[in-house]
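Beneath this line is the structure, given in structure tokens, with notes to follow.
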Amino acid sequence: MAELNKINPPDVDYTYATFKGTRLVNLHTVETLGKGALEFRIAHRFGPLSSGADGFYGLDGPATIQLRLDYAVTDRLLVGIGRSSEKKIVDGFVKYKWLQQTTDNNMPVTVTPIASVNITAEKNPSGNVGPNRYEYFSSRVSYYSSVMIARKFNPKFSAQLSPIYIHYNLVDKPSDKNDMLSLGGSFRYKFTRSVAFTVEYIQRLTPYTRDKNAYNNVLSLGFDIETGGHVFQVFFTNGYSINEVRTIPYTSGGLDEMRLGFNVSRIFDVGKKKKKW
Amino acid sequence: MKNKMKRIFLLLLSAAIFSSCYYDKLEELNPGEIINPCDTALPATYSGSIEYIINFNCVSCHSSKNPSGGVKLTNFSEVNSYVASGLLLDVIERNSGVKAMPPSQSLPSCEIEKIKAWIETGTPQ
């Protein structure tokens, strides 16, 4: 029997669907997509709830939007490109599901590293007051990376920790740091087959600027609703920007500036079709 | 063999992505020309810091060309005209009864403090 096992090792039972999709609110999850899947994503953040009835509680805007296409090269390797309206950032990422949780707990967690390059296409923001911020192209570039670790504790509850490293090629003052470390916590609790409650919190860890208190950590609370090939994610968050390199260090609104937002995704299967005889 | 190729590819990709990594500071690239409105040593005067804050955050919508809500903020007298009535402070503090500015998200708190100090000292130029 032992000999047979050497030739044909027993199939490993991997834990399935730790999260419903590749993002929770602002952050990535450990999930990738099935090989050949092309995911079209739209992310939207409205104006603040505090704009009151006159601003229709933020629905009147101003809003920020991100459009993207993510493609699963293999079951474990996901790549994507996107563009965010805030600061006009174009980004590209690579994400690889390195370790996968197994149902027998031999591997208790799923570990997925990710890296992205983010380039801002905006014109010089200070107009004609002050020098050209983007004299060098490299000044437009920032990087995001994380090693995400998640566990599906039971069919209802999953949790993820994301230690995050952000690097800006250009920051303002000599005392500002180009490197920033933060820690994201993502949680989801499924209370029906298609609806889950989600919480995400990002804590900035390092003093990347002396003006750190001018900005806030990001808290998000919401729901994932899955129907057919779509996952709708609706939530309240104080993060206005959608790209992580902006949301994490430069969210100037606190809890008094929560806003409605949503992520919508649709998966198209563009993988090679097997010939049927 | 396939796994080894994959690993090499990923390594090369990471190297390519991170090879153009810089540690630039805007103030060092342009010595003497940069304003950080949150710098407490920076004077709370129009030319010292307020003009920069308004230009950076407001003029994209409140320019001479197509001023949102008819509000222009392109020079000292235009900005100053909204101080006496308390409107400038009301909107940036997002008080009830007025439309909060900037609409998307609030100014960083230190910039609000700078504008407050400017108003309290009689809006020096």
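Each value in this text was obtained by applying a stated rule to the coordinates, not by laboratory testing. Treat the numbers as computed from the prediction; the structure is a model and nothing was measured. Note that each Cβ is placed from the backbone with ideal geometry, even for glycine, and that neighbours are counted across all protein chains shown.
Odds and ends about this structure:
- Placing unit charges on the Cβ atoms of the charged side chains and taking the dipole of chain A about its Cα centre, the candidate lying farthest along the positive direction among A:24, A:77, A:136 is A:77.
- Charging the Cβ of each Asp and Glu at -1 and of each Lys and Arg at +1, and nothing else, the dipole of segment B:28-120 about its Cα centre rounds to 400 debye.
- Kirkwood Rh in Å, taken over segment A:110-234 so that all alpha-carbon pairs contribute: 17.2
- Rounded to the nearest 20, the size of the Cβ-charge dipole of segment A:60-154 about its Cα centre is 80 debye, with Lys and Arg at +1 and Asp and Glu at -1.
- Between the listed residues A:239, A:252, A:191, the Cα displaced farthest toward the positive end of the dipole of segment A:176-276, a dipole computed from Cβ unit charges relative to the Cα centre, is found at A:191.
- Ordering B:42, B:102, B:56 by Cα displacement along the dipole of segment B:28-120 toward the positive end leaves B:102 in first place; charges were set at the Cβ atoms of Lys, Arg (+1) and Asp, Glu (-1).
- For a label point 7 Å along the Cα-to-beta-carbon line of residue A:193, residues of segment A:136-168 with backbone N under 17 Å: A:155-156
- Potential extension, residue A:270-residue A:256 segment - 0.36 nm per residue separation minus Cα distance: 0.7 nm
- Taking other Cβ atoms within 10 Å as a rough exposure proxy, A:68, A:188, A:266, A:45 sort from fewest to most as A:266, A:68, A:188, A:45.
- Measuring between their Cα centroids, segment A:168-190 and segment A:211-277 lie 17 Å from each other.
- Flagged links, alpha-carbon separation over 20 Å, of A:97/A:177; A:173/B:116; A:177/B:114; A:35/A:95: A:97/A:177; A:173/B:116; A:177/B:114
- About the centre of its Cα atoms, segment A:110-225 shows a dipole size close to 480 debye [charges on the beta carbon of Lys, Arg (+1) and Asp, Glu (-1) only; nearest 20 debye].
- When Rg and the Kirkwood radius Rh are both evaluated on Cα atoms of segment B:28-120, their ratio Rg/Rh stands at 0.96.
- Mean residue ellipticity (222 nm) of the protein assembly as shown, computed from DSSP H runs ≥ 4 via -39,500 (n - 2.57), nearest 500: -4000 deg cm²/dmol
- Relative pair counts by distance (%), Cα atoms of the protein assembly as shown, 10 Å bins: 4, 20, 29, 23, 13, 7, 2, 1, 0
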